[in-house]
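Notes to accompany the following structure.
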Amino acid sequence: MKASSHDEFREFVAMRSTALLRLAVLLTGGDRHGAEDLLQIALMNAYGRWSSIEQPEAYVRQVMYRQQVNRWRLRRHSAETTVPVLPESGTDADAGAESELRIALWAALRRLTKRQRTVVVLRYFEDLPEAEVAALLGCPVGTVRSTAYRSLAKLRALIPELGPEGLAGEQARQLSLTPKGVRG
């Protein structure tokens, strides 16, 4: 790799790794170590192809989605590990009902299956269209729709505060579902 490409890659990692780590944490259900591994794999793949990548962030995100899908496909028969409730940052913006909703949402996301959680993150936190989610997961659009429907129904049952409209993409981002120390 040329020195200029190497510098571009380092700059990309410095600027975008926090936001990409936040996505990885959501995809892994709050498993910080698994999220770091997921991001590291994606960045290693990107580094090897850096000179031919036109949209680096899109490439890294797609690698993360596919790696996470491979993880839950390979571990389909293993038990889901639970993660303790993540501590809050304690800022004024995290006070009150929003903080309680954030904690409840983290707990509810951990109770979804890996497939359900992946669909919810891709559809509602990443705002990807159903067709793109289906392509990333290697399944029909109908499967994405039914999985999203069942996942949202389960989230609404676990968190009545979400109401009948569920959690919209912008509302999900506003809740800033990031564990302590992950900002972007």
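The values are calculated or read from the model by the stated rules, or taken from the named source; none is laboratory data. Predicted, not measured: the structure shown is a model, and the values here were computed from it. Surface areas here come from the heavy atoms of the whole protein model, side chains and all, with no ligands, DNA or RNA. Shrake-Rupley method; radii C 1.70, N 1.55, O 1.52, S 1.80 Å.
Sort MET15, MET64 by heavy-atom solvent-accessible area, probe 1.4 angstrom, most to least.
Result of the area sort, largest leading: MET15, MET64.
On average, how much accessible surface per residue is there in segment 1-58, in Å², for a 1.4 Å probe, leaving out ligands, DNA and RNA? Before the final figure, lay out each step's value.
Working: 3320 Å² over 58 residues.
On a per-residue basis, 57 Å².
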